[in-house]
Amino acid sequence: MFTLPVLASSLEDDYKELLPDIEFLNIQTAANLKILEPYIQKGNAVAMYMAAQMYESGELISKDETKAFELYLKSADKNPASQFAVANMYVAGKGCEPSLEKAIDYYQKAALNGDESLKTSAEQKIAELQNIQKKEALLKEIEIKALSAELIFNFLLIFFSKNKLIFNKE
């Protein structure tokens, strides 16, 4: 069974367009992709989202995370659930290069455009990623300080060893 996206008003027409084939789509078969294809070609965001779910899960068709990411991304301008899915893909690096910054951007879009449930989930994800970013920044700062301390230590070690040699020669 497909998970239908949270319907924003802009998706209503796309969903209505799919209604004649929705019953067939709820029967799990590989033919679903063929049913969805003409709608995808028309730019139907609901159809793209459903096909992306198929490609991401790999159920009934070959798993293709890159294709899933592309379809989610194409439908993200109209579909808050796709925005959320794109963010998830960026976090995991599924079908794309991982990017916390891009993930946060798409979670913010989903929070702005989705229903209350999606908004709450997106806001939680944003908070988690911002905490990760803060921890990564702190670790980089600590690493820089540790490298600086190591450089200073090595400089002093060389300085004193050379001075000792100089003093021993006199």
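The values are calculated or read from the model by the stated rules, or taken from the named source; none is laboratory data. All figures in this text were calculated on a predicted structure; none of them were measured in a lab. Every residue, glycine among them, receives a Cβ derived from its backbone with ideal geometry; neighbour counts consider all protein chains shown. SASA here: full protein model, heavy atoms, side chains in, ligands and nucleic acids out. Shrake-Rupley method; radii C 1.70, N 1.55, O 1.52, S 1.80 Å.
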> Out of curiosity, is GLU101 part of a loop (DSSP other than H, G, I, E, B), open to solvent by 60 Å² or more (accessible area, probe 1.4 Å) and without any contact (Cβ under 8 Å) to a residue 60 or more places away in the chain?
Replying inline: no
> Among the residues of region 20-31, is any at pLDDT 95 or above, open to solvent by less than 30 Å² (accessible area, probe 1.4 Å) and among the aliphatic types (A, V, I, L, M)?
Replying inline: no
> Applying the selection to region 77-89, what residues are surrounded by fewer than 24 Cβ atoms within 10 Å (Cβ to Cβ) and over 15 Å from ASP115 (Cα atoms)?
Replying inline: ASP77, ASN88
>> Given the criterion in a helix (DSSP H, G or I), free of Cβ contacts under 8 Å to residues at least 40 places away in the same chain, buried (at least 16 other Cβ atoms within 10 Å of the Cβ) and charged (D, E, K, R), identify the matching residue among LYS134, LYS119, LYS145.
In response: LYS119
